[in-house]
Amino acid sequence: MASSKSSLFLPLPLLFLLLQIQTSVSSSKTQKTLLLPLKTQTQTQTPSRKLSFQHNVTLTVSLTVGSPPQNVTMVLDTGSELSWLHCKQLPNLNSTFNPLLSSSYTTASCNSSICNSRTRDLILPASCDPNELCHVIVSYADSSSVEGTLAAETFSIGGAAQPGTLFGCMDSAGYTSDADEDSKTTGLMGMNRGSLSLVTQMALPQFSYCISGKDASGVLLLGGGAAAAPWLGPLKYTPLVTATTSLPYFDRVAYTVQLQGIKVAEKLLQLPKSVFLPDHTGAGQTMVDSGTQFTFLLGSVYSALKDEFLEQTKGVLTRIEDPEFVFEGAMDLCYHAPASLAAVPAVTLVFEGAEMKVSGERLLYRARKGSDWVYCFTFGNSDLLGIEAYVIGHHHQQNVWMEFDLVNSRVGFTETTCDLASQLLGLSP
């Protein structure tokens, strides 16, 4: 959600594994962790980890933590760094991790090098708690936060143990402004490029995921990319953007790419290129964030997109004229049920070297308005959320193979059928 390796951590062998990731809004099903045999890829010297998941509002992965293992469910978030678990039983939480029951749990002292150096990429600096333990606070764009103790524990991902994994053992209530959503997960798995992220701790050269648009399932590969799926079409790559200097509003460890333009059908919005570039404070970067559901644009760009979409959908869609109804607090363009999604013009995000086309169900999201169903445009105004950035959410990544290549500092993607990808990778549909 939009917010160097220590010698203590050895690179984990990259394995093929299968994990269940379940939708945080789907409480009717309980998913179990599934384990697959290790499988070496012919293209590399080390195998990769293969995971399956389900999704909706958030992507969540089930794994075990501690000795003996305790089952936990974590939100998969490429926009966050520190992984953390709820460690204090509170009335609104259905799942917590109890460190007192684990023999492998250790805390970090606030005077330790881990506390002083590994927390350098966190937005808020670590501090000493009354017990002289390393106290960490993780804050999010919606002004929510969690806080607790930096600790180390054995994380078993798909049955392969990762001892000494640093994480936050949190004793506050939740991490979003939606308490109901918080109650369905144990914590969050940070997957950005920061020092404390799981990606860095596991020394992953790359990871990929593919989210199905129909059955709310998907595949996540840790340590593997398109080479693990040779039946994929060629990926389009766009380079990751880095800041050479520290800027107050630029997240240096996010997966930042360069948005260059937006098209409605084949018409490119007439906007100056400067509106897509970060300003002198770092505001205006474009982040790929699996922890955010929809895509948000800075106000001026959102307004231009909205006006052009309205113009091109005259006679095709019937807008709901209700200024009081703003879906998710930032999406103010909603319609009555369309006669056909095929007649709705696609929106294409133009990046450096690649384009991402958004159409059909990815473009209009069915939502409740009282007792009625409405269809809302899945681009929102980030200004209404208080976010000074462009954020590409996971809804627009459905049926798109996404590859995060850390070695070559790039993000690649290609359209595919993700439920078929699951089957071809040996996962049940």
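Out of VAL344, VAL316, VAL326, one residue alone is at pLDDT 90 or above, assigned by the TED database to the domain that holds LEU297, open to solvent by 20 Å² or more (accessible area, probe 1.4 Å) and touching a helix residue (DSSP H, G or I) at 6+ places or on another chain (Cβ under 9 Å). It is VAL316.
Can LEU277 be described as among the hydrophobic types (A, V, I, L, M, F, W, C), surrounded by fewer than 16 Cβ atoms within 10 Å (Cβ to Cβ) and under 29 Å from TYR140 (Cβ atoms)? Against the criterion (among the hydrophobic types (A, V, I, L, M, F, W, C), surrounded by fewer than 16 Cβ atoms within 10 Å (Cβ to Cβ) and under 29 Å from TYR140 (Cβ atoms)), LEU277 qualifies. In the range 389-402 there is no residue that is under 19 Å from the mean Cα position of the chain (by Cα), open to solvent by 40 Å² or more (accessible area, probe 1.4 Å) and closer than 18 Å to ASP251 by Cβ. Within the range 249-271, the set of residues being within 22 Å of the chain's Cα centre (by Cα), part of a loop (DSSP other than H, G, I, E, B) and not basic (Lys, Arg) comprises TYR249, PHE250, ASP251, VAL253, ALA254, TYR255, GLN258. In the condition set (1) more than 30 Å from LEU188 (Cβ to Cβ); (2) modelled with pLDDT of 95 or more, SER359 is compliant with all but (2). Note on the range 290-313: residues that are assigned to a loop (DSSP other than H, G, I, E, B), modelled with pLDDT of 95 or more and open to solvent by less than 10 Å² (accessible area, probe 1.4 Å) amount to 1. The condition of being closer than 17 Å to SER382 by Cα, in contact with a Phe, Trp or Tyr (Cβ under 6 Å, 6 or more places away or on another chain), at pLDDT 90 or above and buried (at least 19 other Cβ atoms within 10 Å of the Cβ) holds for THR286.
Among strands (runs of 3 or more DSSP E) entirely within the range 362-429, having at least 2 residues that are under 19 Å from LEU59 (Cβ atoms) singles out 390-392, 400-405, 410-415. For the range 246-256, the criterion of being surrounded by fewer than 19 Cβ atoms within 10 Å (Cβ to Cβ), of a type in the set (Lys, Arg), outside the structural domain of TYR140 (by the TED database) and at pLDDT 95 or above is met by no residue. Screening the candidates SER172, SER80 for the property of being open to solvent by less than 10 Å² (accessible area, probe 1.4 Å) and assigned to a loop (DSSP other than H, G, I, E, B) yields one hit, SER80.
Determine the pairs where a residue that is part of a helix (DSSP H, G or I), located within the range 216-239, has a partner that is surrounded by fewer than 20 Cβ atoms within 10 Å (Cβ to Cβ) and modelled with pLDDT under 75 with Cβ atoms under 7 Å apart, the partner being 6 or more residues away or on another chain. Once the first residue is part of a helix (DSSP H, G or I) and sits in the range 216-239, its partners that are surrounded by fewer than 20 Cβ atoms within 10 Å (Cβ to Cβ) and modelled with pLDDT under 75 give ALA227/GLN41; ALA227/GLN43; ALA227/THR44; ALA228/GLN41. Within the range 330-341, the only residue that satisfies the criterion of being touching a helix residue (DSSP H, G or I) at 6+ places or on another chain (Cβ under 6 Å) and open to solvent by 20 Å² or more (accessible area, probe 1.4 Å) is LEU341. Of all residues in the range 186-243, how many are under 18 Å from VAL407 (Cα atoms), buried (at least 19 other Cβ atoms within 10 Å of the Cβ) and either touching a Cys at 6+ places or on another chain (Cβ under 7 Å) or of a type in the set (S, T, N, Q) (or both)? Residues meeting the conditions: 8.
Confirm whether ILE137 is part of a loop (DSSP other than H, G, I, E, B) and of a type in the set (Val, Ile, Thr). Considered against the rule, which asks whether it is part of a loop (DSSP other than H, G, I, E, B) and of a type in the set (Val, Ile, Thr), ILE137 comes out as no. Could you list, ordered by first residue, the pairs with Cβ atoms under 8 Å in which the first is in the range 404-429 and more than 22 Å from LEU349 (Cα to Cα) and the second is modelled with pLDDT of 80 or more and basic (Lys, Arg), at least 6 apart or interchain? Once the first residue is more than 22 Å from LEU349 (Cα to Cα) and sits in the range 404-429, its partners that are modelled with pLDDT of 80 or more and basic (Lys, Arg) give LEU406/ARG193.
Listed here are the residues, each with its yes/no results for (1) under 25 Å from PRO234 (Cβ atoms); (2) modelled with pLDDT under 90; (3) among the hydroxyl-bearing types (Ser, Thr, Tyr).
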position	(1), (2), (3)
LEU333	no, no, no
SER340	no, yes, yes
GLY370	no, yes, no
ARG410	yes, no, no
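The values are calculated or read from the model by the stated rules, or taken from the named source; none is laboratory data. No experiment lies behind these values; they were computed from the predicted model shown. Backbone-built Cβ (ideal geometry, glycine too); neighbour counts: all protein chains shown. Ligands, DNA and RNA are excluded from the accessible area calculation, which covers all protein heavy atoms including side chains. Shrake-Rupley method; radii C 1.70, N 1.55, O 1.52, S 1.80 Å.
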